[in-house]
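Reviewing the structure listed below.
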Amino acid sequence: MKKHNPTRRLTLITMLLAMSILMHMLEPSLPIPVPGVKLGLANILGLITLILFDVKSMILLNLMRVVIASLLRGIIFGTGFWLSMGGVFFSTIITLILYKTNKFTPIGLSVASSAFHGLGQIVVLILINQTAMMIYWLPLLWFSSVPTGWITGNISTQVLKRLKA
Amino acid sequence: MNRYDKFLIIFILISSVILYGTMEWFVRASTSDKVVAIVTYREKEILRIDMSVDNNYVVQGTLGDVFIEVKDRALRVEKETSPYHLCSIQGWVEFANVPIVCLPNHIVIMIQNSKSQPEGEDSVIQ
């Protein structure tokens with residue numbers, strides 16, 4: 001799919017971006033029994049973009065997703081925006097590092113992405129509140145990143161299988 | 001899922017359990033007999049609660065009133081106006097340094113050890 005013409009490429013990335021914004025905005029309303037834990041459905045689209053296209057497209061998609069979703073929700077440059085940005089920054093970095101090793105499947109990439117998304121949010125919370133004890137929530141986010149990352153990784157694998165078929 | 005994925009998952013699970021154990025040990029060990037809860041709104045202290053007295057408090061958050069309850073040396077956010085009520089779902093907190101973060105209301109509650117001011121602290125020794 002990387003060799004498709006620029007128009008098709010732009011159209012596909014735009015569709016992926018639209019879907020990731022939709023996921024980003026709808027996800028908080030999904031009932032998850034653990035407070036503060038989310039599935040990370042929007043990360044599926046980032047991972048698909050990375051595997052189908054390239055690193056640059058994934059970074060752009062993730063950044064634009066946070067900015068546009070925050071604009072639509074009216075929280076741009078608010079605490080929620082910086083939390084999302086911190087999470088996306090850390091999760092994108094770790095995903096790219098692990099992806100470059102060529103040793104991990106989308107499940108491993110999703111789990112790492114989910115874990116580092118939580119780490120990024122904790123770092124932002126520590127910076128905002130000037131309280132290192134925000135790290136108290138990190139074990140919960142790391143532990144929950146395994147089932148959530150496994151679910152999103154499996155969804156990514158299935159979608160990629162169908163897209164490549 | 002390959003062996004690298006499995007190794008990564010095991011690493012994350014083990015590190016989260018170790019970190020959780022360390023944090024729990026730390027908050028229990030660092031909690032003294034006399035503790036106060038400090039309530040901040042947009043990083044500014046707005047209320048200091050004596051945890052030894054059972055009482056109810058109301059503070060103004062960004063989205064509305066935040067109701068705080070203190071009972072048996074433990075504290076919780078009883079109810080608040082927010083989209084998902086994560087703050088009140090968290091439940092009772094009794095140990096120092098465990099934060100309650102009400103993000104939409106910009107309210108953070110942190111239990112801290114009460115420091116008594118030693119007498120003559122300001123005296124100059126020559």
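The relative contact order of chain A, computed from alpha carbon pairs under 8 Å that lie at least 6 residues apart in sequence, is 23 percent. Counting neighbouring Cβ atoms within 10 Å and putting the fewest first, the residues A:H24, B:H85 line up as B:H85, A:H24. Full extension of the chain between A:I126 and A:K100 gives 6.4 nm of extra length, using 0.36 nm per residue less the Cα-Cα distance. If only the Cβ of Lys and Arg carry +1 and only the Cβ of Asp and Glu carry -1, the dipole of chain B around its Cα centre is close to 520 debye. A Cβ-based charge dipole, computed about the Cα centre of chain A with Lys and Arg at +1 and Asp and Glu at -1, lands at about 700 debye. For chain A, the tally of Lys pairs with Cα-Cα distances below 18 Å comes to 8, considering only residues 8 or more apart or on different chains.
Shielding by partners for peptide A:131-139, expressed as the average number of C-beta atoms from other protein chains within 10 Å of each residue's C-beta, is 6. Near B:D72: Cβ cut-off under 12 Å, other residues only, Lys/Arg at +1 and Asp/Glu at -1. The net charge is 0.
Average 1/r across all pairs of distinct alpha carbons in the protein assembly as shown, invert it, and you get the Kirkwood radius: 20.9 Å. Its Cα centre serving as origin, the protein assembly as shown has a Cβ charge dipole (Lys and Arg +1, Asp and Glu -1) of approximately 2120 debye. At 222 nm, what value in deg cm²/dmol follows for the protein assembly as shown if DSSP H runs of at least 4 each add -39500 (n - 2.57) and the sum is divided by all its residues, to the nearest 500? The per-residue figure over the protein assembly as shown is -18500 deg cm²/dmol. Listed from fewest to most Cβ neighbours within 10 Å, the set B:R28, A:R73 follows the order B:R28, A:R73. Figure legend: label point modelled 7 angstrom from the Cα of B:Q60 along Cα→Cβ; residues of segment B:10-54 with amide N under 17 Å from it are B:39-48.
Placing unit charges on the Cβ atoms of the charged side chains and taking the dipole of segment A:6-164 about its Cα centre, the candidate lying farthest along the positive direction among A:V88, A:L22, A:L45 is A:L45. Take each residue of peptide B:84-94, count the partner chain Cβ atoms within 10 Å of its Cβ, and average: the result is 2.
Reported value for chain A: 112 Å³ per residue, from the convex hull of its C-alpha atoms.
Grab the beta carbon distance between A:K164 and B:H85, set R0 = 41 Å, and tell me the FRET efficiency rounded to 0.05. The computed FRET efficiency comes out at 0.45.
A simple count of charges around A:S84, restricted to other residues whose Cβ falls under 15 Å of its Cβ and scoring Lys, Arg +1 and Asp, Glu -1, yields +2.
The lysine pair tally for chain B, using Cα distances under 27 Å and a gap of 8 or more places or different chains, is 9.
Neighbour counts of C-beta atoms inside 10 Å place B:V36, B:V93 in the sequence B:V36, B:V93, starting with the fewest.
Where a number appears in this text, it was derived from the coordinates with a stated rule and is not lab data. Owing to the predicted nature of the structure, the values given are computational and were not obtained by experimental measurement. Counting neighbours? That spans all protein chains shown, and the Cβs are built from the backbone with ideal geometry, glycine included.
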